[in-house]
Amino acid sequence: MKYSRGKWAKYRFLIKNESLVPFVPETELFNEEVLWEFIEKHGQVVVKPSWGRRGKGVFSIKKIDQDVFEFHSEMNKFTITGEEKLLNKVERSLIKEKNIVQKGIPLSTINGSPFDLRIMVQRKKESEEWVVTGMLAKVASKNYFITNVTKKVLDVQSAIEQSNISVDDTNELVRTLEKISLIAAQELSGYYPKQQIFGLDIGLDEAGKPWIFEVNCNPSFVYFKQLKDKQMMSKIREYKKN
């Protein structure tokens, strides 16, 4: 059986693994009822197309007060008063037929700019062993709430140390990131058996907890080329060839 590679399908596959459930934001298929339910439940939500790349059609909604909402799309952020006006704006902003609504996670920041992580997990042909081949942090450009428009990239250790996260052991956090990335790859490989690479987009909230936002089956390597240390890029290419 051939499974969909959309975000909605991969979300449902990930949460079948109990050990991943705490690290995946609650997600549902978009409709008006679900949107209001999530806004009331979580206070902040992200809407995104189930199929899409580079952040196209992604926007966030935060409830500021009764009947007052903050709408943030790309670098545009403004306040909307009234549920009907908000819904009209949402409907004009949807670019695909199938969209998902996800619990909004306030990302940790570096000098006021949110950042998230790209983690590459690969395996060689004829091998069942998944390996983390690359990890980096993407810092969002000014006024953006997602990192698809990136101001700079950093190694993960440096990003955590420069951020507003307060953790006792950075190495332990990195080990947790590696562990959940490998579990996710192993879980998804049951549905995509020919897949040899996954690129995970993982956010860290202000307490340093990891959240798996999405998993890409055809991830870009371009960010790793920007790192001064070229070892990760070499390892990614080595696994890509084998």
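The values are calculated or read from the model by the stated rules, or taken from the named source; none is laboratory data. Just so we're clear, the structure is a prediction, and the values are computed from it rather than from any experiment. Reconstructed Cβ throughout: ideal geometry from the backbone, glycine too, with neighbour counts over all protein chains shown. For accessibility, only protein heavy atoms count, side chains too; no ligands or nucleic acids. Shrake-Rupley method; radii C 1.70, N 1.55, O 1.52, S 1.80 Å.
Per-residue answers, yes or no, for (1) open to solvent by 40 Å² or more (accessible area, probe 1.4 Å); (2) modelled with pLDDT of 95 or more:
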| position | (1), (2) |
| --- | --- |
| Val153 | no, no |
| Leu182 | yes, yes |
| Leu188 | no, yes |
| Gly199 | no, yes |
| Glu206 | yes, no |
| Pro219 | no, no |
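Among the residues of region 128-145, not a single one is aromatic (Phe, Trp, Tyr), within 15 Å of the chain's Cα centre (by Cα), part of a strand (DSSP E or B) and surrounded by 15 or more Cβ atoms within 10 Å (Cβ to Cβ). There is no residue in region 226-240 that is more than 24 Å from Lys124 (Cβ to Cβ) and among the hydroxyl-bearing types (Ser, Thr, Tyr).
Evaluation of Pro25 against the conditions (1) under 28 Å from Lys85 (Cβ atoms); (2) modelled with pLDDT under 95 shows that the sole unmet condition is (2). Looking only at region 191-208, count how many residues are part of a loop (DSSP other than H, G, I, E, B), more than 14 Å from Val132 (Cα to Cα) and in contact (Cβ under 8 Å) with a residue 24 or more places away in the chain. Number of matching residues: 5.
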